[in-house]
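Right, one structure below, let's go through it.
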Amino acid sequence: MNNEIARRRTFAIIAHPDAGKTSLTEKLLLFGGQIQVAGAVKSNKIKKTATSDWMDIEKQRGISVTTSVMEFDYHDYKVNILDTPGHQDFAEDTYRTLTAVDSVIIVVDGAKGVESQTRKLMEVCRMRNTPVIIFVNKMDREAKDPFDLLDELESELVINVRPLTWPIESGPRFKGVYNIYERKLNLFQPSKQVVTEKVEVDIHTSDLDERIGAFLAEKLRNDLELIDGVYPDFDVDAYLKGELAPVFFGSALNNFGVQELLDCFVEIAPCPRPVQAEERVVQPDEPKFTGFVFKITANIDPNHRSCVAFCKICSGKFTRNTPYLHVRHNKTMRFSSPTQFMAQRKTTVDEAWAGDIIGLPDNGTFKIGDTLTEGETLHFKGLPSFSPEMFKYIENADPMKAKQLAKGIDQLMDEGVAQLFINQFNGRKLIGTVGQLQFEVIQYRLENEYNAKCRWEPASLYKACWIESDDPEELEAFKKRKYQYMAKDREGRDVFLADSGYVLQMAQTDFKHIKFHFTSEF
């Protein structure tokens, strides 16, 4: 059992939109032998699309809308990889995914440097002390000076860095990278499908001058001396504590510098780590199985209207057809067809170990954050829903399809893409999201996956907050005074819909004993 757990590597790829996460994922799958030809994100009819962007809307727009799970074997390791959406409107999906991984690869665009979304995601990693590796992408285009980039990474992401590969020029002059970790030179040949050659070169001999020219050879020697002088030696323990980030340079699109990243990653990245539950800390090598659901996806297979719950295994071994306890319902369940993923393709699996992510068929029994165990009552925490900031009323645009619309809204809300509130004053359904793009995705998916049409009507609201109070009289008085702005969420909890910041502030001042919460976990 310990061998199985030690060879697991579960990680997420995160970044600002357009830095190259999905392209990097494709190339990692290429090395893992899972795909023979790497797909492109912006696809036309001739090219193959990226494996991890499988929804129609993702293929059309060239962005990731949902986290994809992929797994492959590489040397002696089993790699589980989660490609997350970079777009800020889907940040909640990405935050939840970070609770299910043991380490993270951050992709940074060599020309743009650190962008806003990268900073936010790094804060989440810092809260959980998640080990981070940085991959500076797009070196085959004009990029910033590598030393400036390293300074920017240190100051913006508040973490110490140590380069393990070093680029020789960038853009049209890009010659390749020198692998400091293995002391080898990799020469660049622009090709999207084939892997580049590696040359062992002693950097102090004239052999280097012949390969890249005397001027660049001299510059490389000076740079490497400077790196050794300025940056501390690479220390694996500091990396595992989340205090030091190794940096790699390359071009994911041209398949360059990716294998160095993967080779070093499987060697130093942590195997599954202990997980904090509300009752106690769960160790991965405990004999009994525990796991939690961190994501639900509807319609992975358009021919079957089924949902799949993604379960991260925290300890022990999961076996097919074994009875496990669903803690929230307090009843025993068996799973006859648990699956493992290659984005949309899935295969039935008989057993899985701590660190793996499996899909469980879900007919409405699961919610995000549910726990499965072999009988012990445990609750894993830290899967928040944030208070939405954009609101629209959802109305049925086709009276013949009311049933399909209701089912569609229900399943999409289970995924946690958005939140549904029922206004107590007029009984209308109100949908709240973190970003505008989610309304378009919901409308598109309702039409294409559920054959239901909806139309949006504007609602001018500022914020939704969950309220509770130890003083029932004051709570009643508040509800009476604000009856037009009271709603219930899907759990039946009271939600106050404030129409401006000023109104919210006044409510907080007038009603001293009422607590206002901005995440659904309290």
Fill in: Radius 9 Å from Cβ of Gly113, net charge of other residues (Lys, Arg +1; Asp, Glu -1)
-3
Worksheet item: In nm, what is the difference between 0.36 nm times the number of residues separating Met390 and Glu152 and their Cα-Cα distance?
Response: 82.4 nm
Worksheet item: Pulled fully out, how much extra length does the chain show between Asp76 and Thr348, if you take 0.36 nm times their separation in residues and subtract their Cα-Cα distance?
Response: 95.7 nm
Worksheet entry | For Asp109, distant residues with modelled amide H under 5 Å away | Asn137
Discussion item. Quick check: at a probe of 1.4 Å, how many percent of the accessible area of the range 208-286 sits on carbon and sulfur atoms?
Written reply: 49 percent
Item to complete: State, to one decimal in nm, how far the label point of Gln436 lies from the label point of Glu278, with both points 7 Å from Cα in the Cβ direction.
Response: 3.9 nm
Fill in: Förster-model FRET efficiency, 56 Å R0, His329 and Ala111, C-beta, rounded to 0.05
0.65
Discussion item. For Thr365, project a label point 7 Å along Cα to C-beta. Then give me every residue of the range 274-296 with its amide nitrogen under 20 Å of that point.
Written reply: 289-296
Worksheet item: Could you give the dipole magnitude of the range 469-522 about its Cα centre, charging the beta-carbon of Lys and Arg +1 and that of Asp and Glu -1, in debye to the nearest 20?
Response: 180 debye
Worksheet entry | Förster-model FRET efficiency, 35 Å R0, Asp410 and Lys512, C-beta, rounded to 0.05 | 0.40
Worksheet, complete the sentence: With +1 on the Cβ of every Lys and Arg and -1 on the Cβ of every Asp and Glu, the dipole magnitude of the range 410-464 about its Cα centre, in debye rounded to the nearest 20, is 260 debye
Worksheet entry | Residue order for His379, His513 - accessible surface, 1.4 angstrom probe, largest first | His513, His379
Practice prompt. Just subtract the alpha-carbon distance of Trp456 and Lys488 from 0.36 nm times their residue separation and send over the number in nm, one decimal.
Written response: 9.5 nm
Worksheet item: Put Val293, Val230 in order of accessible area, largest first, 1.4 Å probe: what do you get?
Response: Val230, Val293
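The values are calculated or read from the model by the stated rules, or taken from the named source; none is laboratory data. A quick note: this is a predicted structure, and the numbers were derived from the prediction, not measured. FYI the Cβ positions are ideal-geometry reconstructions off the backbone, even for glycines, and counts take in every protein chain you see. Accessible surface is based on the protein model in full, side chains and every heavy atom, while ligands, DNA and RNA are left aside. Shrake-Rupley method; radii C 1.70, N 1.55, O 1.52, S 1.80 Å.
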